[in-house]
Amino acid sequence: MLQSFVSRYYEALLDTDRDQALALLTKSLEDGVSPEEIVFEVVTPAIERMSRDLTRDLATTLSQHFIAAQISEAAIEMLLPLFSSAPEIKGSVVIGTSSGDFHGLGKKIVRGCLRTKMFTVTDLGVNVPAERFVDQAVSLGASVIAISAMMVHTALGPDGALKVRQILRQRGLEPRIKIIVGGAPFRFDGNLYRSVCADAWADNGIEATRVIAGLVKEVPPA
């Protein structure tokens, strides 16, 4: 029964049919499937499959993936309160686009993928000053700052990841807060993240969850 549900849910994602996807979740709950099973055996594998399709054979489009990430977030918000016990949160992430950059699509996809993997995510939006990234990370106890940039000049700009690194260093926060970057410029040059003094970069939302999970483990306990 669950496998049939998985297939129908994935079809709803491909069709970007939010109402159908959430209705399937509700029906599955009514049929006795636990919310934990739905999250970890349906919702998360579905968004991972879409990410593989997008990056490997282009069976899905970026816009489909964006809406699928939004549907996944809605599913998580609906199902988490129904868990038999509170799920373990894997880490806290602050995410936003670099100062001067107003492209928010990729960031939103990453945010949705992180939520399915039990990360707390605070989205600061677009055109985020370096100081705000750091201030919010400190205020929220986040261990990772994720910075997206879709243009070379915002990726390498003086108020982007480079300045975030400078502020972390000045405040003695480097051991506590890691930096990950992403976006088109970093895909063209796999070593560009080193030029902006980031700790890592990721090519897509699913890869970002894996890399961020590793960065969180590098942060010493508070």
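The values are calculated or read from the model by the stated rules, or taken from the named source; none is laboratory data. Please read these numbers as outputs of a predicted model, since none were measured by experiment. Note that we place each Cβ from the backbone using ideal geometry, even for glycine, and neighbour counts take in every protein chain shown.
I need every pair where a residue in region 200-221 that is touching a residue at least 40 places away in the same chain (Cβ under 8 Å) has its Cβ under 6 Å from the Cβ of a residue that is assigned to a helix (DSSP H, G or I) and among the polar types (S, T, N, Q), sequence separation at least 6 or different chains.
Final answer for the pair search is N204/S51; N204/T55; G205/S51; I206/S51.
Residues to consider are D101, D53; find the one that is in a loop (DSSP other than H, G, I, E, B) and among the charged types (D, E, K, R).
From the options D101, D53, the qualifying one is D101.
May I ask you to verify whether A74 is touching a Lys or Arg at 6+ places or on another chain (Cβ under 9 Å) and either assigned by TED's automatic domain parsing to the domain that holds V121 or assigned to a helix (DSSP H, G or I) (or both)?
Yes; evaluated as a whole, the condition is true for this residue.
Which residue is modelled with the lowest pLDDT, if the candidates are limited to region 197-222 and must be in contact with a strand residue (DSSP E or B) (Cβ under 6 Å, 6 or more places away or on another chain) and part of a loop (DSSP other than H, G, I, E, B)?
Among those that are in contact with a strand residue (DSSP E or B) (Cβ under 6 Å, 6 or more places away or on another chain) and part of a loop (DSSP other than H, G, I, E, B), it is A202.
Spot the failing condition for T26; the list is (1) part of a helix (DSSP H, G or I); (2) closer than 19 Å to C113 by Cα, and only one is missed.
(2)
Going residue by residue through region 151-172, is there one that turns out to be within 16 Å of the chain's Cα centre (by Cα) and surrounded by fewer than 24 Cβ atoms within 10 Å (Cβ to Cβ)?
No, region 151-172 has no match at all.
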